[in-house]
Amino acid sequence: LMDTVINSLKERRDRARLGGGQKRIDAQHQKGKLTALERIHVLVDEGSFEEWGTFVEHDCRDFGMEEQLIPGDGVITGLGRINGRRAAIFAQDFTVFGGSLSHRHAEKICKIMDRALELRIPVIGLNDSGGARIQEGVSSLAGYAEIFQRNILSSGVIPQISVIMGPCAGGAVYSPAITDFTFMVKQSSYMFVTGTDVLKTVTGEVISPEKLGGSHTHTHTSGVADAAFNHDITTLLMVRKLLTFLPDSWNSPNPTLNSSDSPHRKIPALNHIIPKNHQLSYDMLGVIKHIVDHAEFFPIREHFAPNIITGFASLNGESIGIVANQPLSQAGCLDINASRKAARFVRFCDAFNIPLLTLVDVPGFLPGIDQEYNAIITHGAKLLFAYGEATVPKITVITRKAYGGAYDVMASKHLRGDINYAWPSAEIAVMGADGAVNIIFRQHLNDPKKIKQLSQDYRTTFANPFSAAQRGFIDDVISPEETRIRLIRGFAFLKGKQLSNPEKKHDNLPL
């Protein structure tokens, strides 16, 4: 009798694993996409996945749905290990009703999200869905809202990662928008609130799904997605990589990464990286890779607002978040998109107690009517606010320009920077020498020789790190080649830092 029951269980399990059937699995493969179960097996450590809700079925009895019952109901949920650490996972199965979200489907996702919050472990959602299951009407919409509510309550408590591996439209896009990181797959995933057909009907606009909400749009133009990769497998492996830099929860210890890179390594190349002509640019990414362990840097929103760099690295085996102006793009100016991008990254690092390194070469905020009309004041204040409220260890290195309000915003001593270094090449002033002289000595504008001399005098007096150092705003002027050594020492001294903000319900971030 027991053998019969066990065989029946095996048959049921095999049926569940087939999802929508072999024909639909083949169709998924023909599109170059993995199935939900295959994706999970790539994501987790081998043999570690424990599935929950294998035999859940929908309870819809309208439109002939009672005759279409498939175990699992279009989503696989469970717990697994990634790099040896626990994680909660849900993966929508496009082979079952197009991965559409039903009431039961949503219940499964909510259950695994609740468990992730209880266990204080990351939650990863693999999204591949046609949206709300229309046959269930408002019940499916209610399911989305239940997921959103859990995203909100989990925010800042556990890392939440969304991977868009197919369509994600309508209400479904708001869950990824709330989560901490969103990855996409090139040419096979897209996100939009309103689909192309509805757009054509309502506004008359004709556009392809790829152009409207494909990976290039969201990684380069909107900034909705943090990164996009060529294939399902690459994308999932990058999720594994990202998790190596993140703790399990806000009050879990930060991960320690293996590093054989010497903490005493000098970098002579950095002594010559700043051009003699202060008008010329250089690659700040090169500076970062010289400093961090094994030149390994994990960029976040690499192609969106490239005038600022954000991402993770390790320093002497310790995970850190890095924000850096990029002189190669718009001279490293802060604009609306750069401010938004960096502010969100700083707030994530602060929420999860990841120390922050800020590398500064900023000539100011980007001027222009378009920037002013689109609220650069409010958006710039987001970054200012994020740095000012952050209580994690913060070390700042000014490599060259730090002008005006942008000097203040970029983790200055005045925003509770713990250690603020400058290279000898640093220019800390209200504005550049030429602009300053044109205002201060307006009466000499008709004398180019005099103006040139005055500009040189201003640069000698103000455009250096020592004026700020004399006032205690810079803790030390350091040799560029010693930057790695000083940063490692600094972060080691700051470990265990205790700093709290005034008691409140929550702040009122300038959204």
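The values are calculated or read from the model by the stated rules, or taken from the named source; none is laboratory data. Here the structure is a predicted model, which means the values were calculated and not measured. Note that we place each Cβ from the backbone using ideal geometry, even for glycine, and neighbour counts take in every protein chain shown. Just the protein is used for accessible areas: all its heavy atoms, side chains included, with ligands, DNA and RNA removed. Shrake-Rupley method; radii C 1.70, N 1.55, O 1.52, S 1.80 Å.
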(message) Viscosity 0.890 mPa s, temperature 25 °C: what is the translational diffusion coefficient of region 306-433 from Stokes-Einstein with a Kirkwood Rh over Cα pairs, rounded to a whole number of µm²/s?
(response) 171
(request) Would you mind getting the Kirkwood hydrodynamic radius of region 443-485 from its Cα pairs, rounded to one decimal in Å? (result) 12.7
(request) Place a +1 charge on the Cβ of each Lys and Arg in region 370-486 and a -1 charge on the Cβ of each Asp and Glu, then give the dipole magnitude about the Cα centre in debye, rounded to the nearest 20. (result) 200
(request) May I ask which residue of Gln453, Val44, Ile288 lies farthest towards the positive end of the charge dipole of the chain, with charges of +1 (Lys, Arg) and -1 (Asp, Glu) on Cβ and the Cα centre as origin? (result) Gln453
(request) First check a/c for region 240-322, with a ≥ b ≥ c the square roots of the eigenvalues of its C-alpha gyration tensor; if it is under 1.5, answer rounded, and if not, answer prolate when a/b is larger than b/c or oblate otherwise. (result) oblate
(request) Treating only the Cβ atoms of Lys and Arg (+1) and Asp and Glu (-1) as charged, compute the dipole magnitude of region 92-134 about its Cα centre; round to the nearest 20 debye. (result) 100
(request) Work out the length of the dipole vector of the chain about its Cα centre, built from +1 on the beta-carbon of each Lys and Arg and -1 on the beta-carbon of each Asp and Glu, and round it to the nearest 20 debye. (result) 1220
(message) Could you work out what % of the accessible surface of the chain is carbon and sulfur, using a 1.4 angstrom probe and leaving DNA, RNA and ligands out of the count?
(response) 55
(message) With every protein chain kept in place and ligands, DNA and RNA left out, what is the accessible area per residue of the chain? Probe 1.4 Å, answer in Å².
(response) 46
(request) Would you compute the Debye intensity of region 357-511 from its alpha-carbon atoms alone, equal scatterers and no solvent, and pass along log10 I(q)/I(0) at q = 0.13 Å⁻¹ to two decimals? (result) -0.71
(message) At a threshold of 8 angstrom on Cα-Cα distance, excluding pairs fewer than six apart, so keeping six or more, what relative contact order does the chain reach in percent?
(response) 9
(message) Cross-link candidates for Lys394: which lysines have Cα within less than 30 Å, leaving aside residues fewer than 8 places away along the same chain?
(response) Lys241, Lys266, Lys276, Lys289, Lys341, Lys382, Lys413, Lys495, Lys497, Lys504, Lys505
(request) Could you rank the peptides 19-27, 407-415 by their average count of other C-beta atoms within 10 Å per residue, with the highest value first? (result) 407-415, 19-27
(message) Compute for region 324-387: radius of gyration divided by Kirkwood radius, i.e. Rg/Rh, restricted to C-alpha atoms, rounded to two decimals.
(response) 0.99
(request) Pop out the ³J(HN,Hα) list for region 169-180 in order, Karplus 6.51 cos²θ - 1.76 cosθ + 1.60 with θ = phi - 60°, rounded to Hz; leave Gly and Pro as x. (result) 9, x, x, 4, 6, 6, 5, x, 5, 7, 5, 6
(request) Mind pulling the angle between the C-alpha long axis of helix 448-461 and the longest principal axis of the chain? Nearest 10 degrees, somewhere in 0 to 90. (result) 70
(request) Quick one, can you get me the convex hull of the C-alpha atoms of region 196-346 expressed as volume per residue in Å³? (result) 161
(message) Nearest 10 degrees is fine. How inclined is helix 376-389 to the longest principal axis of the chain, computing both from alpha carbons?
(response) 90
(request) Please name whichever of Thr196, Thr235, Val163 sits farthest to the positive end of the charge dipole of region 107-256, dipole taken about the Cα centre and charges placed at Cβ: Lys and Arg +1, Asp and Glu -1. (result) Thr235
(message) With N set to the number of residues, divide the alpha-carbon radius of gyration of the chain by 2.2 N^0.38 Å and report two decimals.
(response) 1.11
(request) Sort out for me the Cα centre separation of region 421-479 from region 89-158, rounded to whole Å. (result) 56
(request) Specify the inter-centroid distance of region 9-59 and region 308-385, based on alpha-carbon positions, in whole Å. (result) 41
